[in-house]
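Student: The structure is given below, and queries will be raised subsequently.
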Amino acid sequence: MSTPLRVAVVGAGGWGEQHARIFARRPDTDLVAIAGRTPERTAARAAAYGARPYTSLAEMVAAERPDLITVSLPNEGHFEPTRELIGLGVPLLVEKPLVFDLAEADTLLAEAAERDLFFAINFNHRYAEPVLRARRAIADGFLGDLVFATWRFGGEPNFGTSPHANLIETQCHGLDLLEHLCGPIASVTAEMTDLTRPGTYTTLAVALRFASGAVGTLLGTYDSSYAYPGTQLVELNGTRGRAVIEDTVARLTLQATGDETRSVWQAGYFNDEAREFHRTFDRHVEAVLSALRAGSPPPIHARAGRRALHLAMAIVEAYESGRRVDIPAEPGSEPAS
């Protein structure tokens, strides 16, 4: 095995612990540092995982010289730390959402491009076993030509200052995954409600049209519960068959048109890895490290974060204007396989 990569994690919060867990346990990485805003919390997290604590990004990079930095900060606090890290020139894996403002997204991407910097974003839903298998079924022609797709997802709120936090920080997964499976979204119309928190749009319904001619729906909510079964559902319906993904990692059902029998994937008794949502991040990290070592582009470039934000802003425009908004394809958006 090659020399372990030196990895630093920025963020000592809840999901940041998943970053620390992964890199502390891998035999091919050495978790050298945890950076955070609160000295006591940062020191406790670093001690728990055998790393050194920092509250200064520049000091951390100068002292530790990491090969990769991963970033997991509060949703609306991504821009300045990410920009500083780009300036320090270390390969990056950042959490979604990229940012809440398109101009900020463009600044980050431009400054990373100027440095030819490895810049990845963690849309880990792509690595769930049902999603991998559904994408393969699409590529193999089992579903035929896609006609419609549905995404439904939501649970307890994660409020910030943005009235569109649900759309931008949670449903970005749905916008990314729908394009990953179905190809570029070409237009949107939308309805939203602030019924439970005036001034904040906690639930939204979006009608989609894909560049392929297929249509779709996205229902996202903060007015539900992750304790409910079926909190997340993806349905892909084609001319030859259907795929249904339940709770991201729980189950995939494939069924051919007119056939009353179904094929079901569900993790077996000993397959804890495939049944656990957190392990979708482990799978993405495996792909990130392989690409980094090979000198290849990231498996999911940060441009995908900008694309999800672009789609979200188009949905906001559609709701506020009461009309359909057309969305051009962008460099970096991918067709369905």
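Student: Keeping to the stretch 1-15, report how many residues are over 16 Å from A63 (Cα atoms) and surrounded by 22 or more Cβ atoms within 10 Å (Cβ to Cβ).
Tutor: 2
Student: Ok, one more. Among what's in the stretch 101-117 and is in contact with a strand residue (DSSP E or B) (Cβ under 9 Å, 6 or more places away or on another chain) and surrounded by 21 or more Cβ atoms within 10 Å (Cβ to Cβ), pick the residue that is nearest to D247 (Cα to Cα).
Tutor: Checking each candidate, the answer is L108.
Student: Let me ask something additional. Whether any residue in the stretch 89-99 is farther than 22 Å from Q18 by Cα and in contact with a Phe, Trp or Tyr (Cβ under 8 Å, 6 or more places away or on another chain) is what I want to check.
Tutor: Looking through the stretch 89-99, none of the residues is farther than 22 Å from Q18 by Cα and in contact with a Phe, Trp or Tyr (Cβ under 8 Å, 6 or more places away or on another chain).
Student: Considering only the stretch 152-168, state which residues are buried (at least 23 other Cβ atoms within 10 Å of the Cβ) and either farther than 24 Å from I245 by Cβ or of a type outside the set (A, V, I, L, M, F, W, C) (or both).
Tutor: G154, N166
Student: Under the condition of being of a type in the set (S, T, Y) and closer than 16 Å to V7 by Cβ, which residue from the stretch 54-72 is farthest from the chain's Cα centre (by Cα)?
Tutor: Ranking the qualifying residues of the stretch 54-72, first place goes to Y54.
Student: Still on this model: Is it the case, given these coordinates, that H164 is closer than 20 Å to A329 by Cβ, of a type outside the set (K, R) and either at pLDDT 95 or above or in contact with a His (Cβ under 8 Å, 6 or more places away or on another chain) (or both)?
Tutor: no
Student: Only one of (1) farther than 30 Å from G144 by Cβ; (2) part of a strand (DSSP E or B) fails for S225. Which number is that?
Tutor: Tallying (1) farther than 30 Å from G144 by Cβ; (2) part of a strand (DSSP E or B), S225 fails exactly one: (2).
Student: Here is a follow-up. Hand me the list of helices (runs of 4 or more DSSP H) wholly inside the stretch 10-74 holding 3 or more residues that are modelled with pLDDT of 95 or more and closer than 19 Å to I121 by Cα.
Tutor: 16-25
Student: Quickly run through the stretch 227-248 and pick out the residues that are over 18 Å from L175 (Cα atoms) and either in contact with a helix residue (DSSP H, G or I) (Cβ under 9 Å, 6 or more places away or on another chain) or modelled with pLDDT under 95 (or both).
Tutor: P229, G230, G238, G241
Student: Taking the condition of being under 17 Å from the mean Cα position of the chain (by Cα) and surrounded by fewer than 23 Cβ atoms within 10 Å (Cβ to Cβ), how many residues in the stretch 73-100 meet it?
Tutor: So the answer is 7.
Student: Here's something else I'd like to know. Within the stretch 229-337, considering only strands (runs of 3 or more DSSP E) that don't extend past its boundaries, which have at least 3 residues that are surrounded by 15 or more Cβ atoms within 10 Å (Cβ to Cβ)?
Tutor: In the stretch 229-337, 232-238, 241-246, 251-256 are the strands (runs of 3 or more DSSP E) which contain 3 or more residues that are surrounded by 15 or more Cβ atoms within 10 Å (Cβ to Cβ).
The values are calculated or read from the model by the stated rules, or taken from the named source; none is laboratory data. Since the structure is predicted, the reported quantities are computational estimates derived from the model, not experimental observations. With ideal geometry, Cβ positions are generated from the backbone for all residues, glycine too; neighbour counts draw on all protein chains shown.
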